[in-house]
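Enquirer: Here you go, one structure.
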Amino acid sequence: MTTTNNTSRNHRLSLRRHTERLITGLRASGRLRTAETYTTALNSLLRFIADPDAPVIRRPSFSAATGDLRLDRITSELMQCYEGWLRSRGVVPNSISFYLRILRAIYNRAVEEGLIRDRSPFRHVYTGIAKTVKRALPIEAIRRIRSLDLSPDSPEAFARDMFMMSFMLRGMSFVDMAFLRKSDLCHGTLTYSRRKTGQTLRIAWTANMQSILERYPENESDYLLPIIRRRGLNERAAYRNAGYNINRSLKRIGGCLGLDIPLTLYVARHSWASAAQAKGVPLSVISEGMGHDSEKTTRIYLADLDTSAVDRANDLILNAL
């Protein structure tokens, strides 16, 4: 009887089982990207626990046979050791914070469900967002990218088109672009739901957007843009492969133009926000245009972008002395 009870308890307290149940729920609700982040964070922590050279002072209850960890063995000491292990492997602070925040969400769900009591294991580790290297380009650089003479059938031309499409679609994220459906475009308006937040956004479809779309034969899939082009594919794999290839081509374009930051699809999103800010667009409008769930998120985007407007304002003030 004791063995049976212990087995049942271990199943209920299994980090892997608990997380996989949460992942199933996320997938069922269409939150596929979040489900992927849960999988990534879980696998990272379990790799740390399984590493015989990991700096774990007192190794927790871990089964090498099942590759699992009990939820009630997640302690502050363990998380600090995990943070140090990530740092020793060259993981940058924001990525470390990303893993720890996801694990904290998983842990908090276990607390909410009454599986464990809250021992605050994340209180001594970094879960903030560090300032990042500037990732926005001025509008002049965007013009240079758009007017660059590229072979029409080259990977670079396709990458440039998807970059410009993202910029014109108010900095739309690549995952949202990839999964836009043909039915989302109706009577000159593109209507879609952000995969990250579920927020519904509407964007006026312009002649420039249509011009890019018409460069590519209509694909046989249900998707609007030529990213996932055929039916029956592993759509998530096709989207990830396309993003990887586009970013690789964009880096070549950035090198050709002598840009001072690595050119990626994410730069288009930051650049749209920066351009809107430079034009005096109110923060609330930028936030709505980007589909952020709060203006706080938008402020993070804009905090370290182009400061020339602030410098000009300071010049006016100093000149008035």
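Enquirer: Which residue pairs have Cβ atoms under 9 Å apart, sit 6 or more places apart or on different chains, and have a first residue in the range 212-231 that is under 19 Å from Asn245 (Cα atoms) and a second that is β-branched (Val, Ile, Thr)?
Expert: Between residues of the range 212-231 that are under 19 Å from Asn245 (Cα atoms) and residues that are β-branched (Val, Ile, Thr), the close pairs are Asn219/Ile227; Asn219/Ile228; Leu225/Ile212; Ile227/Ile246.
Enquirer: Take the range 1-24 and flag every residue that is surrounded by 12 or more Cβ atoms within 10 Å (Cβ to Cβ), modelled with pLDDT of 80 or more and more than 14 Å from Ile74 (Cα to Cα).
Expert: Arg17, Glu20, Arg21, Leu22, Ile23
Enquirer: Could I ask something else about it? Would you point out the residue of the range 192-224, among those that are part of a loop (DSSP other than H, G, I, E, B) and touching a Leu at 6+ places or on another chain (Cβ under 6 Å), that is nearest to Phe179 (Cα to Cα)?
Expert: Within the range 192-224, the match that is nearest to Phe179 (Cα to Cα) is Leu224.
Enquirer: Taking interchain pairs and intrachain pairs at least six residues apart, which have beta carbon atoms under 6 angstrom, with the first residue in the range 192-210 and at positive phi and open to solvent by less than 70 Å² (accessible area, probe 1.4 Å) and the second at pLDDT below 90 and in a loop (DSSP other than H, G, I, E, B)?
Expert: none
Enquirer: Given the structure, is Gly90 free of Cβ contacts under 8 Å to residues at least 40 places away in the same chain and open to solvent by less than 30 Å² (accessible area, probe 1.4 Å)? Break it down stepwise before answering.
Expert: Numbers: free of Cβ contacts under 8 Å to residues at least 40 places away in the same chain: yes; open to solvent by less than 30 Å² (accessible area, probe 1.4 Å): no.
The answer is no for Gly90.
Enquirer: Sticking with this one: Report every pair of residues separated by at least 6 positions or lying on different chains whose Cβ atoms are under 8 Å apart, first residue within the range 127-145 and under 28 Å from Leu103 (Cα atoms) and of a type outside the set (Phe, Trp, Tyr), second assigned to a loop (DSSP other than H, G, I, E, B) and at pLDDT 90 or above.
Expert: Listed by first residue and then by second, the contacts come to Arg135/Thr264.
Enquirer: Would you say Ser166 is closer than 21 Å to Leu225 by Cα and loosely packed, with under 13 Cβ neighbours inside 10 Å?
Expert: When the stated conditions are applied, Ser166 does not pass them.
Enquirer: Identify, please: which residue in the range 225-241 is part of a loop (DSSP other than H, G, I, E, B) and among the aliphatic types (A, V, I, L, M) and is, among those, modelled with the lowest pLDDT?
Expert: Residue satisfying both the conditions and the ranking: Leu233.
Enquirer: Got a number for residues in the range 100-150 being among the small types (Gly, Ala, Ser) and under 27 Å from Gly25 (Cβ atoms)?
Expert: Step one: filter the range 100-150 for residues among the small types (Gly, Ala, Ser), giving 105, 110, 114, 120, 128, 130, 136, 141, 147.
Next, only the ones that are under 27 Å from Gly25 (Cβ atoms) stay: 105, 110, 114, 120.
Here the count works out to 4.
Enquirer: On to the next question. Taking Ala159, is it modelled with pLDDT of 95 or more, in contact with a Leu (Cβ under 6 Å, 6 or more places away or on another chain) and not hydroxyl-bearing (Ser, Thr, Tyr)?
Expert: Judged against the criteria, Ala159 is a match.
Enquirer: Something else about it: Quick one: would you say Asp176 is open to solvent by 60 Å² or more (accessible area, probe 1.4 Å) and either closer than 20 Å to Asp222 by Cα or part of a loop (DSSP other than H, G, I, E, B) (or both)?
Expert: No: the conditions fail for Asp176.
Enquirer: For the condition farther than 30 Å from Ala204 by Cβ, over 17 Å from the mean Cα position of the chain (by Cα) and not in a loop (DSSP other than H, G, I, E, B), what is the one hit in Asn108, Asn94?
Expert: Result: Asn108 is the single residue among Asn108, Asn94 that is farther than 30 Å from Ala204 by Cβ, over 17 Å from the mean Cα position of the chain (by Cα) and not in a loop (DSSP other than H, G, I, E, B).
Enquirer: Still on this structure: Given the criteria surrounded by fewer than 14 Cβ atoms within 10 Å (Cβ to Cβ), touching a residue at least 24 places away in the same chain (Cβ under 8 Å) and under 18 Å from Phe167 (Cα atoms), does Arg269 qualify?
Expert: Details: surrounded by fewer than 14 Cβ atoms within 10 Å (Cβ to Cβ): no; touching a residue at least 24 places away in the same chain (Cβ under 8 Å): yes; under 18 Å from Phe167 (Cα atoms): yes.
No, not satisfied.
Enquirer: If we keep just the residues of the range 102-154 that are among the hydroxyl-bearing types (Ser, Thr, Tyr) and exposed (fewer than 13 other Cβ atoms within 10 Å of the Cβ), which is nearest to Arg87 (Cα to Cα)?
Expert: Selected residue: Ser120.
Enquirer: Next up: Can you tell me which residues in the range 214-256 are surrounded by 15 or more Cβ atoms within 10 Å (Cβ to Cβ) and hydrophobic (A, V, I, L, M, F, W, C)?
Expert: Selection gives Leu224, Leu225, Ile227, Ile228, Ala238, Ala242, Ile246, Leu250, Ile253.
The values are calculated or read from the model by the stated rules, or taken from the named source; none is laboratory data. In this text the structure is predicted, and so the values were computed from the model without any measurement. Reconstructed Cβ throughout: ideal geometry from the backbone, glycine too, with neighbour counts over all protein chains shown. With ligands, DNA and RNA removed, areas are computed over all heavy atoms of the protein, side chains included. Shrake-Rupley method; radii C 1.70, N 1.55, O 1.52, S 1.80 Å.
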